[in-house]
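Report on the structure given below.
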Amino acid sequence: MTLPPLVDAAWVQERLGEPNLLLGDVRGPNAHQRGHLPGSIPLVLGSPMPLADSGAVAEFAREIGLRLRRHGITGEETLVLYDRGDGMGAMPSAQLAELAGHPFFVGTQAHPEFLSRPTRPHPLFSGLIAAALARSKATSGSKAASAGARAAASA
């Protein structure tokens, strides 16, 4: 199933109770204890580090993978991260989950469409478009490389 990387409350509401859906509340354990979406878990992954040293990045990715597994997150589930509604908590957590190789989706209760203008898109929109374009380029590049390798192997 292909899903958009940004989902809204209606999308989540329609899927609550699905066995493969995991809601990660990235607001922090105290906020989670005060109130949360049904079935969600408090999920604090930390903050993204400066990504200058590839060895440090690889080690950090392993640590994030370990943190996810400690919560029972394997990569087989549909992981939806949500925050207080501004995307500021979910976006760094999404970066970390992606760094560890886990597909993710970000849920927000914000209404960026009310703050966007044709010449000044809200950061959620421009970030979503940038991520989609980067993923599309990476996917089409890896598909082309795979097709070339298959053609070379069969020759």
Given the residues L6, L68, L43, L22, which is the only one that is of a type in the set (A, V, I, L, M, F, W, C), touching a Leu at 6+ places or on another chain (Cβ under 6 Å), surrounded by 20 or more Cβ atoms within 10 Å (Cβ to Cβ) and over 27 Å from L115 (Cα atoms)?
L22
Out of the residues in the stretch 1-38 meeting the condition of being at pLDDT below 85, part of a loop (DSSP other than H, G, I, E, B) and within 19 Å of G75 (Cβ to Cβ), tell me which one is farthest from the chain's Cα centre (by Cα).
M1
Residue hits (the stretch 99-122; crowded, with 16+ Cβ neighbours inside 10 Å and either in a helix (DSSP H, G or I) or at pLDDT below 70 (or both)) are L99, F104, F105, V106, G107, T108, A110, P112
Residue match in the stretch 76-84 (condition: in contact (Cβ under 8 Å) with a residue 24 or more places away in the chain and in a helix (DSSP H, G or I)):
no
Test: M49 is of a type in the set (A, V, I, L, M, F, W, C), in contact (Cβ under 8 Å) with a residue 12 or more places away in the chain and surrounded by 11 or more Cβ atoms within 10 Å (Cβ to Cβ):
no
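The values are calculated or read from the model by the stated rules, or taken from the named source; none is laboratory data. This one's a predicted model, so the numbers in the text were calculated from it and none came from an experiment. Cβ atoms come from the backbone with ideal geometry, glycine included; neighbour counts cover every protein chain shown.
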